[in-house]
Each structure stands twice: as structure tokens, then as C-alpha cells.
Amino acid sequence: MTVTVIRHKRRKRAAFYVTTEGVELRIPARLPQRVVDAILRDHADWIEARLAAIPQVSPLPDNRLFYRGDTLPLIRSSSTRSFTYDGGKFLCPVHWDETTLRDAYERWLREEALRHVTERAARYERLLGVRATNIRIGHQKTRWGSCSSTGTISINVRLMLAPPEVLDYVIAHEWAHLVHFDHSKSFWSTVESVYPNVAWAKDWLRQNGHTLRIKKTN
């Protein structure tokens, strides 16, 4: 893991962000390279400490994939033409390389995520008396979900790898933002009124969120 420098046209100041992939330095697009080098040099000890603290992911056994809190077999078959799931295992064509497999796996997870989120969100909309204007499935590095001021809610596809209760927490969290667009005491009270296991879910993500990666590791 290393430091990735990302330039943004609208960014006004440099800032570090720690992700499961390493450390990012996000900077204004026109910031001179000499200034960037100085920032990295001045924060070298801090960067080293943060990189060392990022949990390492234990590799999965060959031919297994994450799904809903479990690891399931992946079978490469000469009779299969696409990526499929039969309820207990995944199947893909025998000739697929890892890039093709990963892309198909993520597409399938996105479709599943939209279906699961839409179904579970209906419960929270009834309980909270709110309705999202749009549901999106993203693949964010640092956020599990987000709610815009216009009512669009985005849920991270990687949550499909976590136990169902964890995804449920993030759904409850984001839909509660349609009631309180902040993280006030009233907001947390609202979340806990519809999802009582907030502390457990937050702790699970804190301890295991770094393992939720959409790729197969040999």
C-alpha cells in the first residue's frame, strides 16, 4: 500500500484520506509538484504510521467468493456461458481470466444490491414516513452510504459481501437522513428506533469493513 495523489479541479486545499487501499492525498488540480513533495515529506512519519495501522486482508482460498457474510465456492464450468449463482455456489466459464470474472462478479453484485436495498428500504420508508427520490449502487472507497439533499441515496455495493444485518444498518442509517440531514442526537435516536443494533453493526464495520473487497485472491 502506498500514497496515491489525486488532483481535483474544485478542491481548494490539500487533505489526506485513509482508505482500505492505503493513503490518498487529495489536492487542488494546479498545486505545484514541489509543494506536493513537501507535504509528503513533512508528513512522512504520519503516513507511515497510518499505512502500518491499516488491517491486512487475509486471502481467500482459491475458487471462493464473498457473498452475504459467507464465502462460497466458485466453479469454472465448460457448460456455463455467464456468471451465475444457484443459491449455494457461483459458476463461470472455464476460460475466463480474473479481470473478466471480477467485472462479472461486480455487475451481478450491483444488481443484487439494488434488489435487496429496494426491498429493505420499503420497510424503513413505512416506519419513518419518508421516501427516497432515487437509489444508487456505488463502489466507494471510504463511505458505506450517502444521502444527498435532494433525497438520492447511494449504497456501497461492497456491503453485499457483509452479513445481511450490516447492510440493513446502513440502509436504516441513510434513510434516517431523510428525516434528519445531520448526525445529531435526534438523528441517532431515529436510527435506533428502527434499527436497535446500531452499536453492533458499527463495530462490525469498524473491525471487518477492510475485508469487503470485490475480487478473488489466489
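Quick notes on this structure:
- Given (1) out of contact with any Lys or Arg (no Cβ under 7 Å at 6 or more places or on another chain); (2) in contact (Cβ under 8 Å) with a residue 60 or more places away in the chain, number of the condition P164 does not satisfy: (1)
- Failed item, numbered, when I47 is tested on (1) touching a Pro at 6+ places or on another chain (Cβ under 9 Å); (2) in the same structural domain as L25 (by TED's automatic domain parsing): (1)
- Some residue of region 47-60 being outside any loop (DSSP other than H, G, I, E, B), more than 29 Å from L159 (Cβ to Cβ) and without any contact (Cβ under 8 Å) to a residue 12 or more places away in the chain: yes
- Screening R131 against (1) surrounded by fewer than 17 Cβ atoms within 10 Å (Cβ to Cβ); (2) over 24 Å from E165 (Cα atoms); (3) in contact (Cβ under 8 Å) with a residue 24 or more places away in the chain; (4) not aliphatic (A, V, I, L, M) leaves a single unmet condition, (2).
- Positions within region 91-111 being in contact with a strand residue (DSSP E or B) (Cβ under 9 Å, 6 or more places away or on another chain) and in contact (Cβ under 8 Å) with a residue 24 or more places away in the chain, in sequence order: L101, Y105, W108, L109, R110
- So Y169, is it out of contact with any strand residue (DSSP E or B) (no Cβ under 7 Å at 6 or more places or on another chain), of a type outside the set (V, I, T) and buried (at least 20 other Cβ atoms within 10 Å of the Cβ): yes
- Options A162, A201, A113, A121: the member that is farther than 23 Å from Y85 by Cβ and crowded, with 19+ Cβ neighbours inside 10 Å: A201
- R136 in contact with a Ser or Thr (Cβ under 7 Å, 6 or more places away or on another chain), within 30 Å of F16 (Cβ to Cβ), charged (D, E, K, R) and without any contact (Cβ under 8 Å) to a residue 40 or more places away in the chain: yes
The values are calculated or read from the model by the stated rules, or taken from the named source; none is laboratory data. Because the structure is predicted, anything quoted here is derived from the model rather than measured. No Cβ is skipped: glycine too gets one built from the backbone with ideal geometry, and neighbour counts run over all protein chains shown.
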